[in-house]
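The values are calculated or read from the model by the stated rules, or taken from the named source; none is laboratory data. As the structure is a computational prediction, the values presented were derived from the model and not from experiment. Glycine also receives a Cβ, built like all others from the backbone with ideal geometry; neighbour counts cover every protein chain displayed.
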Amino acid sequence: MKPEGKFMLQCPIPKSEYECILLAHGGGGKLTRQLIERMFYPLFENDILLHGHDGAFLPPIPGELAMTTDSFVVDPIFFPGGNIGELAVNGTVNDLICCGAEPLYISLAFILEEGFLLDDLWTIVKSIARSARHAGVKIVTGDTKVVEKGKGDKIFINTTGIGRVLPGLSISPEKCAAGDVVIINGSIGDHGVAILTEREGLAFESDIKSDTRALNAMMLDVFRKCPEIHVLRDPTRGGVATALNEICLSSRSGIRLRENDLPVNDAVRGACEVMGLDPLYLANEGKILLILPEADAMEVLTIMQRHKEGAQSRIIGTVSSDHPGLLRMETSIGSTRIVDMVSGEQLPRIC
Amino acid sequence: MKHIDEYRDKKLVDKLLQVIEKSVTRSWTIMEICGGQTHSIMKYMLMELLPNKISLIHGPGCPVCVTPLELIDRAVELGGRPDVILVSFGDMLRVPGSRDDLLSVKARGGDIRMVYAPLDALDIAQRNPLKEVVFFAVGFETTAPAVALAIKEAGRRALDNFSVLVSHVLVPPAIRALLEDSQNQIDAFLAAGHVCTIMGTSEYIPLASQYQIPIVVTGFEPVDILLGIKVCIEMLEQKRSGVENAYARSVKPEGNQAAKELLQEVFETVDRKWRGIGILPGSGLGLTEGYQKFDAELRFDLQAFETEESTVCMAGEILTGRKKPSDCPAFAKSCKPENPLGAPMVSTEGACSAYYRYKKEQS
């Protein structure tokens, strides 16, 4: 079939044929074929995928490789600022970036619930294609399974990502050293609150949108010009507090944040005040934490701030040898407290 | 952000601290009643900033913490029934009963839902006419009017499938119980600002007068709490007792008349057991006769549960301010928020949980 997917607005499988996913769409037969040929191939078109094998043949890649896998079960699947599809691509790309790798290939596996609307699948698949093109990654292999009504929840997506580690980079929590600074590329908690606004029993009106975004353009720029980065982490589930606590624990370093330096949008702050949540524990989907020597901080900040996704980049804390293994924060009124790892689940199915 | 930043303002905090420092001449022990205040004190580490002469001890004002085990067991039992949707505030779902918590019931297939507003539970009942929707109502006078409204509204909408498992408690009887204890070391109270926003300040006047103690109505932000402490210290140093309002932007002496009327219509005072403390006379709310058809304990045939508290846990001493969380040998060792041995570690507003979260000793 002609790869014209980029320009198709309507779902290529008309409602007169099928309005929703049937068990047979995952059965490997004609309906599976129809999904692949009429929906996936035209949108994800690339030389590797279109070979149509059971798996992908990848060309040789020089150097060290990075691989990541992730599953996406966010509820709701459509939320302010995005949907589960772009979350899946951006999340996978950002995980590779956190390994210091240039993202190249992604696999995509759908678990669909019987009765899921084809129009919704079409919207999600279009978002996946758009996000993959934007991030410059190829979707090279995939799978579709369908479970009976009530045995899943609309759509789950599993991905695997492969990337090439940039030479000269060596990223690891153990490299965290006293005197290093902690940088973040913008406001925290936006994704968590965006999801919250759509939840049953929690719904409220706000302008907050998810920050879901691939960070490879900005970060590859940083890697090329300043390879002295010690640690990278995307503060997704559990938020900045959990990501930094993990770094503290695995590096046995202490990190000290300054509350006044934490970038939090007023709308997110307001929602947190009302709901009794702490933005430090809310999920982000387009944010990255960098730990690097102070001497390189200004150069890195300048590079990051040139990119849209890094315009609000700033230093939020420092690494210290005073309190190994602990994340502490200087509060807005000048006292100091512990910022603990989240206990239990603040909000389930956030990504 | 307006209405928040000015109450977390460092300059104002420093100014209040200076005034407090100047006026305090001897050691005083002040108890904040409300768990929200405990949480704020720990979150901003106010003890670190206050003069050493002032000790803050933490009261029993965490409603989730003082909900008795057997009531949680009843909620767990109801939540596990196939025909029941059990609805509550988020904090309550994590609290272990003697065998189980509500989240585990949910994991096994129970329909357990979290809401922020009791009226949302009514909507759930309306959408699920074939299910019994039980709202597990926990809280002080602050949340009781919203529950009362939901119950009244259920009557208006003739929702026969809605009921409430009531665990509401009241502040003044708890203050009385604390002061009746001859071992208590409390010199003054910070009264709970939001409770007084509903109930006003008149209930506290006889308490302050009988026990010759300052009771200062106090808010929740750092500036509010320091203002409450400043007023306490001034009263103590001047040997004055009585009730003063340091949260005037929210609290009127007469309280919220409409909310009080609603409470009076739907609820009546009953004796209630407080976890870690025991039965306090007249310290809880039960449904008035006209609304007893919405009482889950009457609607369902619930078994009587035998419950047993951990012998290591010193919740009673912590909830009455006789001990601090860090005095407990189990604190941050065998007792953590993930595996709480007793009441004050279970909710984020509990004193042990607040200590663990913001101050735990280096592990």
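Looking at this structure, is B:F267 more than 14 Å from chain A (Cβ to nearest Cβ), within 30 Å of B:L159 (Cβ to Cβ), buried (at least 17 other Cβ atoms within 10 Å of the Cβ) and more than 19 Å from the chain's Cα centre (by Cα)?
Values: more than 14 Å from chain A (Cβ to nearest Cβ): yes; within 30 Å of B:L159 (Cβ to Cβ): yes; buried (at least 17 other Cβ atoms within 10 Å of the Cβ): yes; more than 19 Å from the chain's Cα centre (by Cα): no.
No.
Residue-level check: of (1) outside any helix (DSSP H, G or I); (2) polar (S, T, N, Q); (3) without any contact (Cβ under 8 Å) to a residue 60 or more places away in the chain, A:S332 misses just (3).
From B:V115, B:V134, which residue is among the β-branched types (V, I, T) and either surrounded by 21 or more Cβ atoms within 10 Å (Cβ to Cβ) or not assigned by TED's automatic domain parsing to the domain that holds B:Q292 (or both)? After ruling out the rest, the residue left standing is B:V134. Considering the stretch B:1-30, the residues that are hydroxyl-bearing (S, T, Y) and in a helix (DSSP H, G or I) include one that is nearest to the other protein chains (Cβ to nearest Cβ), namely B:Y7. Residues in the stretch B:88-136 that are within 12 Å of another protein chain (Cβ to nearest Cβ), basic (K, R) and within 24 Å of the chain's Cα centre (by Cα): B:R94, B:R113. For the stretch B:57-68, indicate whether the set of residues that are surrounded by fewer than 24 Cβ atoms within 10 Å (Cβ to Cβ), at pLDDT 90 or above and either away from chain A (no Cβ under 14 Å) or in a helix (DSSP H, G or I) (or both) is non-empty. Checking the stretch B:57-68: at least one residue is surrounded by fewer than 24 Cβ atoms within 10 Å (Cβ to Cβ), at pLDDT 90 or above and either away from chain A (no Cβ under 14 Å) or in a helix (DSSP H, G or I) (or both). Pairs are defined by a Cβ separation below 8 Å, a sequence spacing of at least 6 or placement on different chains, a first member in the stretch A:29-57 that is free of Cβ contacts under 8 Å to residues at least 60 places away in the same chain, and a second member that is small (G, A, S) and in a helix (DSSP H, G or I); the pairs so defined are A:K30/A:A24; A:L31/A:A24; A:Y41/A:G5; A:P42/A:G5; A:E45/A:G5.
If you go through the stretch A:54-71 one residue at a time, do you hit one that is assigned by TED's automatic domain parsing to the domain that holds A:L121, on the phi > 0 side of the Ramachandran plot and modelled with pLDDT of 95 or more?
Filtering the stretch A:54-71 down to residues assigned by TED's automatic domain parsing to the domain that holds A:L121 leaves A:54-71.
Then drop every residue that is not on the phi > 0 side of the Ramachandran plot, which leaves A:63.
Then keep just the ones that are modelled with pLDDT of 95 or more; that gives none.
Checking the stretch A:54-71: not a single residue is assigned by TED's automatic domain parsing to the domain that holds A:L121, on the phi > 0 side of the Ramachandran plot and modelled with pLDDT of 95 or more.
Among the residues that make up the stretch A:215-222, is at least one of them in a helix (DSSP H, G or I) and within 13 Å of the chain's Cα centre (by Cα)? Yes - at least one qualifying residue is present in the stretch A:215-222.
Residues in the stretch B:304-363 that are within 11 Å of chain A (Cβ to nearest Cβ) and acidic (D, E): B:E338, B:E349, B:E361.
Within the option set A:V140, A:V125, A:V146, A:V182, being in a helix (DSSP H, G or I), of a type in the set (A, V, I, L, M, F, W, C) and touching a residue at least 60 places away in the same chain (Cβ under 8 Å) holds for one residue only, A:V125.
Filtering B:I33, B:I85, B:I41 for residues that are more than 14 Å from chain A (Cβ to nearest Cβ), touching a helix residue (DSSP H, G or I) at 6+ places or on another chain (Cβ under 8 Å) and of a type outside the set (S, T, N, Q) leaves a single hit, B:I33.
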